[in-house]
Amino acid sequence: MDTTGKKTLIVFSGDFDRAMAAFIIANGAAAMGDEVTMFFTFWGLNILRKPEKIKTQKSSLQAMFGRMMPRGAGRLGLSKMNFGGMGAPMMKKVMKQQNAMTLEQLIESAKEQDVKFVACTLSMDIMGFKEEELIDGLEFAGVGSYLGEADEANVNLFI
Amino acid sequence: MDTTGKKTLIVFSGDFDRAMAAFIIANGAAAMGDEVTMFFTFWGLNILRKPEKIKTQKSSLQAMFGRMMPRGAGRLGLSKMNFGGMGAPMMKKVMKQQNAMTLEQLIESAKEQDVKFVACTLSMDIMGFKEEELIDGLEFAGVGSYLGEADEANVNLFI
Amino acid sequence: MDTTGKKTLIVFSGDFDRAMAAFIIANGAAAMGDEVTMFFTFWGLNILRKPEKIKTQKSSLQAMFGRMMPRGAGRLGLSKMNFGGMGAPMMKKVMKQQNAMTLEQLIESAKEQDVKFVACTLSMDIMGFKEEELIDGLEFAGVGSYLGEADEANVNLFI
């Protein structure tokens, strides 16, 4: 039995803790020689947003969604014990005490290890995100592309 | 390597956004010729509820759970930014602007493509749902049935 | 095609309902003769905490996290309709009326069926959990160990 292989992760959640889990798995698999593709859908797209405000053409509802959702990996909240936004900074402080890699470092490391980042185009339409609002180096594709890759992978997770 | 195959989705969540993700994947896979089975457990059963009130024999606690949970796909909330129930209508409005399929259309399309809907009987007991409260065309089974199908599938997700 | 095989579950969530789902699947698979490994990460570690207070060396932030998170399977909340902590007792009462197994019984049964429990060491560092705070019979390992097992499994879920 071939014990290595391709991995796909659907990153649906935009919570800091779930994003951490996704990138820890992605980096681990890439370090073991696996091909890894991460599909960012719905709230997961927030992880890929550039931190600065980008002017784009949006409907007023899309613009409102955009204003209320976090811009990028540095501003995500926790799925539990968020404490009005204080939970993530607290967890980051503990992580620093433990010399754990930051989410930003994990994202950088995943890129360096050639983990493929795919932004779901249907989710981008629904959430109102334009390509220029998201970080560089992404591919843009839909569910068909995901399924094609998942068919070739031996581990597929929905996070 | 056979690059198509069976897919199973455990739909544990009853959030509108996660239900959308589940049915987008299910429809995409079915369109590519895959056999797809969706197992609805816990809150995911809410997606399958008929919108009208159905009189059934329940314990008072089950009846209370039933009253407080959404009746069907049209009444689900968002997992994030629910805004006291306003989040889902806002997302639906954006989806309409984008000509995206509604959740109800995705469910209908999944049925037409012979996606198999299985309601978890243990969850039904716990949540107090009777068969007559749920939409037509379901199968009813437990975890053994799920595992049997997952063993034959090449992509298994928990949503 | 071999229709049985190994299963891995990442138990990321510490919610009562998601923990129930994880252990129902684990017990079902073990009963069918599958080898099952459960990896407890982040909030999922709360399921493994001993119910009593254990004195350990922690940073003040870790100690605070520890105080605010539930100590063990008996104190978990619901992911939805938690009602300030009343949701889980209500669900447990319905489960008792239905003669469903409790979470504690499912955990015990999983152990008896040789389901392997692995606590994620990186998560333990971040959450500030020490081995002596967690129940007996655990293994301790990181993401590499998970990936090695997932490579050998035919069903891998993230819960």
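The values are calculated or read from the model by the stated rules, or taken from the named source; none is laboratory data. Keep in mind that this is a model prediction, so the values were computed, not measured. Note: ideal-geometry Cβ built from the backbone for every residue, glycine included; neighbour counts use all protein chains shown. These accessible areas exclude ligands, DNA and RNA; they are computed on the full protein's heavy atoms, side chains included. Shrake-Rupley method; radii C 1.70, N 1.55, O 1.52, S 1.80 Å.
For this structure, a couple of remarks:
- Selected from B:Ala110, B:Ala141, B:Ala30 as most flexible by GNM, with chain B as the system and alpha-carbon contacts under 10 Å: B:Ala141
- Once backbone amide H atoms are built at 1.01 Å from N, A:Lys6 has A:Glu35, A:Asn154 as its partners under 5 Å, excluding neighbours fewer than 5 places away on the same chain.
- Between the beta carbons of A:Lys55 and C:Glu112, assuming R0 = 45 Å, the FRET efficiency works out to 0.15 to the nearest 0.05.
- Charge dipole (debye, nearest 20) of region B:6-158; +1 at Cβ of Lys and Arg, -1 at Cβ of Asp and Glu: 860
- For region A:1-61 versus region B:1-73, the gap between their alpha-carbon centres in whole angstrom: 25
- Straight Cα distances below 17 angstrom link B:Lys111 to the aspartates and glutamates B:Asp34, B:Glu35, B:Asp136, B:Glu139, with same-chain residues fewer than 8 positions distant left out.
- Between A and B, roughly 2700 Å² of accessible area is buried in total, ligands, DNA and RNA not counted and the probe set to 1.4 Å.
- Rounded to the nearest angstrom and listed largest first, the equivalent-ellipsoid semi-axes of region C:62-137 from its Cα gyration tensor are 25, 20, 8.
- Using θ = phi - 60° and Karplus 6.51 cos²θ - 1.76 cosθ + 1.60, couplings along region A:141-156 (whole Hz; Gly, Pro as x): 7, x, 5, x, 5, 4, 5, x, 6, 4, 4, 8, 9, 9, 9, 10
- Accessible surface of region A:1-145, 1.4 Å probe, proportion on carbon and sulfur as whole %: 51
- Local electrostatic count at A:Met20 - Lys and Arg +1, Asp and Glu -1, tallied over other residues with Cβ under 12 Å: -1
- Antiparallel bridge percentage (DSSP; both residues within region A:6-158; nearest 5): 5
- Relative to the globular-protein estimate of 2.2 N^0.38 Å, the Cα radius of gyration of the protein assembly as shown stands at 0.92.
- Residue pairs, from the table B:Lys130/C:Lys93; B:Lys7/B:Lys58; C:Lys53/C:Lys93; B:Lys116/C:Lys116, whose Cα atoms sit over 28 Å apart: B:Lys7/B:Lys58; B:Lys116/C:Lys116
- Ordering C:Val94, C:Phe40, C:Ala141 by Cα displacement along the dipole of region C:6-158 toward the positive end leaves C:Val94 in first place; charges were set at the Cβ atoms of Lys, Arg (+1) and Asp, Glu (-1).
- Loop-resident trypsin sites (Lys or Arg not before Pro) (DSSP state other than H, G, I, E or B) in region B:65-159 with no more than 16 further Cβ atoms inside 10 Å of their Cβ: B:Lys130.
- C-alpha center-to-center spacing [region C:102-123, region B:107-159] in angstrom: 26
- Each DSSP beta bridge with both residues in the protein assembly as shown is either parallel or antiparallel, and the antiparallel ones are about 5%.
- Cα-based equivalent ellipsoid of region C:6-158: semi-axis lengths in Å, sorted from largest, via gyration tensor: 23, 22, 13
- For chain A, the solvent-accessible area works out to 40 Å² per residue, with a probe of 1.4 Å and every protein chain left in place.
- Here is how the number arises for chain C: DSSP H runs of 4 or more residues each give -39500 (n - 2.57), the sum is divided by the residue count, and the result at 222 nm is -12000 deg cm²/dmol.
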